[in-house]
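Contents: one structure, followed by commentary.
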Amino acid sequence: MEAVHARWPKAIVQFEDFQMKWAFETLKRYRQRFCMFNDDIQGTAGVALAGLLGTVRAQGRPLSDFVKQKIVIVGAGSAGLGVLYMAVQAVSRMSGCSQTVTTQFSYYYFYVLKYFI
């Protein structure tokens, strides 16, 4: 990352297809110092969150109702967990609660299925 930044200081580094452990660790390590994103985690999550918010609007409900929705995520890989984290962040911001409180509260509204048979 340092070499890329030294050569192209304004570059956005996009990466994907890392093992889940390395993808989250790499984001955590570098996100404060470099402009970067992981497509599997953040790209999928952004598209999924847009779809979830669009679903609330399509039902004729105000976006503030998003915090009351129950959401099931099928798959506990990097993309599924990215969707979970971004949705929890959205609920946190929309409800005005800290992310710690929202994370505790989210056990009642978010479900992750690791295996789908």
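Quick notes on this structure:
- Scan of the range 3-23 for residues that are closer than 21 Å to residue 89 by Cα and either modelled with pLDDT of 90 or more or surrounded by fewer than 10 Cβ atoms within 10 Å (Cβ to Cβ) (or both), ordered by number: 21
- Residue check for residue 81: at pLDDT below 95, part of a helix (DSSP H, G or I) and not basic (Lys, Arg): yes
- A single entry from 44, 55 fulfils the requirement of being among the hydroxyl-bearing types (Ser, Thr, Tyr), at pLDDT 90 or above and in contact with a helix residue (DSSP H, G or I) (Cβ under 6 Å, 6 or more places away or on another chain): 44.
- Per-region count, the range 41-73, residues touching a Gly at 6+ places or on another chain (Cβ under 7 Å) and either exposed (fewer than 15 other Cβ atoms within 10 Å of the Cβ) or assigned to a helix (DSSP H, G or I) (or both): 4
- Number of the condition not met by residue 97 [criteria: (1) crowded, with 17+ Cβ neighbours inside 10 Å; (2) not in a helix (DSSP H, G or I)]: (1)
- Positions within the range 18-35 being farther than 16 Å from residue 86 by Cα, touching a strand residue (DSSP E or B) at 6+ places or on another chain (Cβ under 8 Å) and not hydroxyl-bearing (Ser, Thr, Tyr), in sequence order: 18, 34, 35
- Residue within the range 26-36 that is charged (D, E, K, R), exposed (fewer than 10 other Cβ atoms within 10 Å of the Cβ) and out of contact with any Ser or Thr (no Cβ under 9 Å at 6 or more places or on another chain) present: yes
- The number of residues in the range 1-40 that are within 16 Å of the chain's Cα centre (by Cα) and part of a strand (DSSP E or B) comes to 5.
- A search for C-beta distances below 9 Å between a residue of the range 6-22 that is within 15 Å of residue 35 (Cα to Cα) and any residue that is loosely packed, with under 15 Cβ neighbours inside 10 Å and modelled with pLDDT under 90, counting only pairs 6+ apart in sequence or on different chains, returns 13/1.
The values are calculated or read from the model by the stated rules, or taken from the named source; none is laboratory data. Note that the structure is predicted; figures quoted are calculated from it, not measured. Counting neighbours? That spans all protein chains shown, and the Cβs are built from the backbone with ideal geometry, glycine included.
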